[in-house]
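Have a look at the structure below before the remarks.
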Amino acid sequence: MKEHMRSIWLSMFVVLAVLVTACGGTTGPTTSSSTTNTAPKTVNITVTEFKIASDLTQFSTGVPYHFVVVNKGTTMHEVMIAPPLTGTMTVDDLDKLRLFEVSDIAAGETKTLDYTFKESASLGKMQMACHVPGHYESGMMLPVVIV
Ligand SMILES: [Cu+2]
């Protein structure tokens, strides 16, 4: 009888121990990996007359990016990611093809935007550009690649 009670207590302890480890094993790693996956990657862009500089020009699809655009120039600028302006294409046409636009960045101002690329683009297909009249023609563009 004494021996029988001991085995019951032992089996209850084993069941309890299994439950505790099962819970700890599933909740722990899941929460920590989800927080690291969603942290966006910061991209620093500087605009001046008449140049766009970015610390990153190759992007990956599915990765969240946090674009920080600083206007270190003396006039209003914008940054658009769109195909190159060619032939008879107008800026209005580009507005329909653009991936995103950070517009009306005043001199000395910083604007931010979060964006995740969905489609890849080889060299020559997409570029960062400022389409304030006359700026693109003066060289305010930077080719980008999306893989
Ligand atoms: Cu500009």
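Within segment 116-138, being over 20 Å from LYS51 (Cβ atoms) and surrounded by fewer than 17 Cβ atoms within 10 Å (Cβ to Cβ) holds for THR116, LYS118, GLU119, SER120, SER122, LYS125. If you go through segment 37-91 and keep only what is of a type in the set (A, V, I, L, M), within 16 Å of the ligand (Cβ to nearest atom) and not in a loop (DSSP other than H, G, I, E, B), you end up with ILE45, VAL47, ILE52, ALA53, VAL69, VAL70, VAL79, MET80, ILE81, ALA82, VAL91. In the set (1) farther than 20 Å from PHE67 by Cα; (2) in contact (Cβ under 8 Å) with a residue 12 or more places away in the chain; (3) loosely packed, with under 12 Cβ neighbours inside 10 Å, LEU85 fails one condition alone, (3).
Any residue in segment 91-105 that is touching a helix residue (DSSP H, G or I) at 6+ places or on another chain (Cβ under 9 Å) and surrounded by 12 or more Cβ atoms within 10 Å (Cβ to Cβ)? Walk me through how you get there before you give the answer.
Kept after step one, since they are touching a helix residue (DSSP H, G or I) at 6+ places or on another chain (Cβ under 9 Å), are these residues of segment 91-105: 101.
Going one step further and asking which of them are surrounded by 12 or more Cβ atoms within 10 Å (Cβ to Cβ), we end up with 101.
Looking through segment 91-105, at least one residue is touching a helix residue (DSSP H, G or I) at 6+ places or on another chain (Cβ under 9 Å) and surrounded by 12 or more Cβ atoms within 10 Å (Cβ to Cβ).
One residue is enough: does segment 55-71 have a residue meeting the conditions over 14 Å from the mean Cα position of the chain (by Cα) and under 20 Å from VAL147 (Cα atoms)?
The initial filter retains those residues of segment 55-71 that are over 14 Å from the mean Cα position of the chain (by Cα), namely 70-71.
Filter once more, so that each one left must be under 20 Å from VAL147 (Cα atoms): none.
Within segment 55-71, not a single residue is over 14 Å from the mean Cα position of the chain (by Cα) and under 20 Å from VAL147 (Cα atoms).
With respect to being of a type in the set (Ser, Thr, Tyr) and more than 26 Å from PRO40 (Cα to Cα), THR90 fits the description.
None of the figures in this text is laboratory data; all of them are computed from the coordinates on show. Predicted model, so just to flag it, every value in this text is computed and none were measured. We place every Cβ from the backbone using ideal geometry, glycine too, and count neighbours over all the protein chains shown.
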